[in-house]
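Enquirer: Here it is, the structure, as structure tokens.
Throughout, read-outs are computed from the coordinates displayed, never taken from laboratory work. Computed from a predicted structure; not experimentally measured. Note that each Cβ is placed from the backbone with ideal geometry, even for glycine, and that neighbours are counted across all protein chains shown.
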Amino acid sequence: MFKQTKVWLALVITLTLLGAMAACGGSKTDDNTPTPVATGTKPVPADAGTISGVISFTGTPVPNKKIDTSADPVCGQKNPNLTTEENVVANGKLANVFVYIKDGAAADGTKLDGYAWTGGSGTLDQNGCHYRPHVMGVMTGQKLTITNSDPTQHNIHPTPANNPEWNQTQPNGAAPIEKTFKQVEVLIPVKCNQHPWMKAYIAVLKHPLFAVSAEDGTFTIKNVPAGTYTVAAWHEGGAKGTEKTMQVTVAANGTGKADFAFGEAAATASAQSGLEMMPALEIPVVGGRH
């Protein structure tokens, strides 16, 4: 009788454990499960055009600052001229401005989320104790790969408003981290808890009609269906950055023009970071970034 009781007890425990495992597996959710990149079904027109322009900076920009990396000597060894990147200005042209189509429709009335956009993947690299690129965009559901090219540990910490916040350590030599964002958001600040001066910005849109201005201030948005759109240019600074807009019309196989200018007022505001990070010791560098 005692032996039979033990057998039944073992059987009950086994079934209970199996049931619990099945329940956990069945109810487990992953906030980063990729969602379809394309929200619409209409093919992108073959006669789509482009929007291009130049981002200028008027006046004298607030100089970027040299960063004291003594807290992690590896950073100083790999990147001895490490500086902040609030204002990357060369010959009056401004880099790292995120330009995107904010609203509007094609000439036939199709909204941008009605097209079957295709998306690849985006990469955010930690290199020289800086994020590369400093500003970038991805589509909703598009895979974002975070890599660590430094011989030191980093800690990636996006602080979104519309998407789930996460905070993950990535040691040197660790495998890439892969994430997705499901909600539109312009832009998500990213910081590193290990190195408080590190910051980047990620925009999330339902379409790929965006670009980031290069060091010469130029940008080009490709595959724009003929139509009239509100084009926005975003530059970091203050709590939410500074955004300017204009209306642009694109003809079939044509190019719409969108030139923007930011000035000293925006540069002064950029001295107040939108990221709540511990201050790093910074030494002014004449001439800005090196």
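Enquirer: Taking 0.36 nm per residue of separation and subtracting the Cα-Cα distance, what length does fully extending ASN162 through GLN183 add? Mind dumping the intermediate values first?
Expert: Working: separation 21, 0.36 × 21 = 7.56 nm, distance 0.62 nm.
Working it through step by step, the gained length comes to 6.9 nm.
Enquirer: Averaging over all projection directions, find the projected area of the Cα convex hull of the range 119-195 and quote it in nm² with one decimal place.
Expert: Details: hull surface 18.5 nm².
That works out to 4.6 nm².
Enquirer: Let me ask something else. Need one word for the range 77-122: rounded, prolate or oblate. Basis is the Cα gyration tensor (sqrt eigenvalues a ≥ b ≥ c); a/c below 1.5 gives rounded, then a/b vs b/c decides.
Expert: On the way: a/c = 5.26, a/b = 2.20, b/c = 2.39.
The shape class here is oblate.
Enquirer: Using 7 Å Cα-to-Cβ label points, what is the THR245/SER121 separation (nm, one decimal)?
Expert: 3.5 nm
Enquirer: For the range 182-239, which semi-axes, largest first and in whole Å, follow from the square roots of 5 times the eigenvalues of its Cα gyration tensor?
Expert: Details: eigenvalues 136, 44, 21 Å².
Over the Cα atoms of the range 182-239, the ellipsoid semi-axes are 26, 15, 10 Å.
Enquirer: DSSP beta bridges in the range 51-190, what fraction antiparallel, as a percent rounded to 5?
Expert: Roughly 70 percent of the DSSP beta bridges within the range 51-190 come out antiparallel.
Enquirer: Which ³J(HN,Hα) values in Hz, rounded to whole numbers, follow from the phi angles of the range 151-166 under the Karplus curve 6.51 cos²θ - 1.76 cosθ + 1.60, where θ = phi - 60° and Gly and Pro get x?
Expert: Residue by residue, the range 151-166 yields x, 8, 7, 10, 9, 8, 9, x, 10, x, 9, 9, 10, x, 7, 9 Hz.
Enquirer: Rounded to two decimals, what is the ratio between the C-alpha radius of gyration of the range 128-255 and 2.2 N^0.38 Å?
Expert: Compared with the compact-globule rule of thumb, the range 128-255 sits at 1.17.
Enquirer: Placing one identical point scatterer on every Cα of the range 45-179 and ignoring solvent, what is log10 I(q)/I(0) from the Debye formula at q = 0.10 Å⁻¹?
Expert: Treating every Cα as an identical point scatterer, log10 I(q)/I(0) equals -0.50.
Enquirer: Under unit Cβ charges (Lys, Arg +1; Asp, Glu -1), what dipole magnitude, rounded to 20 debye, does the range 98-238 have relative to its Cα centre? Numbers along the way, then the final one.
Expert: Working: 10 positive and 11 negative charges, 42 e Å.
Here the range 98-238 has a charge dipole of around 200 debye.
Enquirer: If R₀ is 35 angstrom, what is the calculated FRET efficiency for the pair ASN172 and ALA90, using the beta carbon separation as r and rounding to 0.05? List each step's numbers first, then the result.
Expert: On the way: r = 32 Å, r/R0 = 0.91.
With R0 = 35 Å, the Cβ-Cβ based efficiency is 0.65.
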